[in-house]
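The values are calculated or read from the model by the stated rules, or taken from the named source; none is laboratory data. Keep in mind that what you see is a predicted model, and the values were worked out from it rather than measured. Here the Cβ is made from the backbone with ideal geometry for all residues, glycine too, and neighbour counts use every protein chain on show.
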Amino acid sequence: MRSGAREVGELLLVLLLAACPAIAQQQAGHGNPCADPSASLQSLNVSMSGTSAVQLVALSGSTKIHICALTVGWGGGKSPTFSLEYGTGTNCGTGTTVIIPATTITPSAPNSPAYPAKFFVTPSGQALCYVLTGTSPTGQLIVTYVQQ
């Protein structure tokens with residue numbers, strides 16, 4: 001009877017892990033920091049303006065930035081676009097790589113890219129920046145991330 005109870009327990013564990021991929025990933029050491037309850041989630045609510053790169057999250061030599069959620073809202077200007085990038089140097093001025101290419105910001109509703117949690121991860125030692133284009137563009141950005 002004991003071996004039967006053990007088999008049932010093992011079967012329940014397998015079913016639980018199959019039903020909860022995030023738990024299975026954490027068990028395997030490949031966890032999603034965005035879904036990890038022990039991770040330190042950070043959030044920024046930024047009023048954006050100008051047409052040059054602006055740093056959102058400073059680089060750290062050994063950490064990656066895991067972007068968990070992102071919402072961009074339109075403020076004003078003519079033909080505004082938003083893009084997200086990472087790099088080093090002042091305002092990602094060196095080694096810049098685009099994460100989200102220039103996307104039109106519409107006045108009708110906030111734009112929330114339809115990507116899964118942890119949809120972007122920078123390499124170690126990179127800062128996270130945004131860039132607006134257009135004529136006198138303004139907007140609002142809310143980003144949630146984990147840096148580890």
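Close contacts from region 61-75, counting a first residue that is farther than 14 Å from VAL46 by Cβ and not assigned by TED's automatic domain parsing to the domain that holds GLN42 and a second that is of a type in the set (Asp, Glu) and outside any strand (DSSP E or B), with Cβ to Cβ under 8 Å and a gap of 6+ residues or different chains, come to none at all.
Is it fair to say PRO101 is in the same structural domain as GLY125 (by TED's automatic domain parsing), without any contact (Cβ under 8 Å) to a residue 24 or more places away in the chain and either of a type in the set (Lys, Arg) or not in a strand (DSSP E or B) (or both)? Taking the combined requirement at face value, the residue does not satisfy it. On the given criteria, is SER83 surrounded by fewer than 20 Cβ atoms within 10 Å (Cβ to Cβ), at pLDDT 90 or above, closer than 17 Å to ASN45 by Cα and touching a Leu at 6+ places or on another chain (Cβ under 9 Å)? When the stated conditions are applied, SER83 passes them.
So for region 50-60 (the condition being within 12 Å of THR122 (Cα to Cα), β-branched (Val, Ile, Thr) and without any contact (Cβ under 8 Å) to a residue 40 or more places away in the chain), does at least one residue qualify? There is no residue in region 50-60 that is within 12 Å of THR122 (Cα to Cα), β-branched (Val, Ile, Thr) and without any contact (Cβ under 8 Å) to a residue 40 or more places away in the chain.
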